[in-house]
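Visitor: Submitted below is the structure of interest, expressed as structure tokens.
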Amino acid sequence: MAQTSGSTATVRTMTASIAAIDKSASSMTFVGPNGWQYSRRVVDPTVFDQVKVGDRIDITWNTDLVVSEE
């Protein structure tokens, strides 16, 4: 019996605004299209010196999907 498989990758970019900066928790909160909201821990604390609430940033991420049927 033949095995079926496939994969795909998608790269997406969204423009969001910085809604909050919490230096004590080392995190930022972003707001994007349709009220989308996301908080993220910041590993490099020097980033906080480069941005402020209200700045618009581009967020880029990728998704990979691999499917295999046996």
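Visitor: Can you pull out every residue in segment 32-49 that is modelled with pLDDT of 90 or more and either small (Gly, Ala, Ser) or open to solvent by less than 50 Å² (accessible area, probe 1.4 Å) (or both)?
Guide: GLY32, SER39, VAL42, VAL47, PHE48
Visitor: Take THR29 and decide whether it is touching a Ser or Thr at 6+ places or on another chain (Cβ under 8 Å) and exposed (fewer than 10 other Cβ atoms within 10 Å of the Cβ).
Guide: So THR29 fails the test.
Visitor: To continue, here is another question. From (1) open to solvent by 70 Å² or more (accessible area, probe 1.4 Å); (2) farther than 30 Å from GLN3 by Cα; (3) in contact (Cβ under 8 Å) with a residue 24 or more places away in the chain; (4) more than 17 Å from the chain's Cα centre (by Cα), pick out the condition that doesn't hold for GLY54.
Guide: (1)
The values are calculated or read from the model by the stated rules, or taken from the named source; none is laboratory data. No experiment lies behind these values; they were computed from the predicted model shown. We place every Cβ from the backbone using ideal geometry, glycine too, and count neighbours over all the protein chains shown. SASA here: full protein model, heavy atoms, side chains in, ligands and nucleic acids out. Shrake-Rupley method; radii C 1.70, N 1.55, O 1.52, S 1.80 Å.
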